[in-house]
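Have a look at the structure below, then the notes.
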Amino acid sequence: MFALVVRFKARKGKEKELEQLIREMTEKVRKNEKDTLMYDLHRKLGDSTDILLYERYTDKNAWEGTHCSTPYFKALLDAFPQYIEGKPELTEYEVAGVL
């Protein structure tokens, strides 16, 4: 399995709007991407601008080949600059075990 951690900083005052956009996309991911096993949104305690997405896929191709090519993912990327500061930080992982 393949996991991806995406971390970014929301613009002050845009946190709720950004979370709503991500929630809307998450619904589409769950309905349309059978190889996406987990797609969770997290907010840092004490700092609502510090956002983390934890994503788990059956393999890396499910992320690169499927998820990244969907119109709803591309639309979110296009909207990101108005909601986040800087660029997202992506870290890739191989899942070594699941509880």
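The values are calculated or read from the model by the stated rules, or taken from the named source; none is laboratory data. Everything numeric in this text was worked out from a predicted model, so none of it was measured. Please note: Cβ atoms are built from the backbone with ideal geometry, for glycine as well, and neighbour counts cover all protein chains shown.
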Exercise for the section: Give me a count of the residues in the range 58-71 that are assigned to a helix (DSSP H, G or I), over 12 Å from the mean Cα position of the chain (by Cα) and more than 17 Å from Glu27 (Cβ to Cβ). Expected result: 6
Practice task
Any residue in the range 72-86 that's closer than 21 Å to Lys31 by Cα: show its pairings with residues that are in a helix (DSSP H, G or I) and among the β-branched types (Val, Ile, Thr) at Cβ separation under 8 Å, as long as the two are six or more apart or on different chains.
Solution key: Tyr72/Val29; Leu76/Ile22
Handout entry: For Ala96: the one exception among (1) free of Cβ contacts under 8 Å to residues at least 40 places away in the same chain; (2) under 14 Å from the mean Cα position of the chain (by Cα); (3) outside any helix (DSSP H, G or I)
Key = (2)
Practice task
Exactly one condition in (1) modelled with pLDDT of 95 or more; (2) surrounded by 12 or more Cβ atoms within 10 Å (Cβ to Cβ) is not met by Leu76; state its number.
Solution key: (1)
Completion exercise
Cβ pairs under 6 Å, 6+ apart or interchain, first in the range 8-35 and within 20 Å of Arg56 (Cα to Cα), second among the aliphatic types (A, V, I, L, M) and outside any strand (DSSP E or B), ordered by first then second residue, are Met25/Leu76; Asp35/Ala62
Exercise for the section: Of the numbered conditions (1) more than 12 Å from the chain's Cα centre (by Cα); (2) acidic (Asp, Glu); (3) closer than 21 Å to Arg23 by Cβ, Glu55 fails exactly one; give the number of that condition. Expected result: (1)
Handout entry: So Asp40, is it without any contact (Cβ under 8 Å) to a residue 60 or more places away in the chain, over 16 Å from Val95 (Cα atoms) and not aromatic (Phe, Trp, Tyr)
Key = no
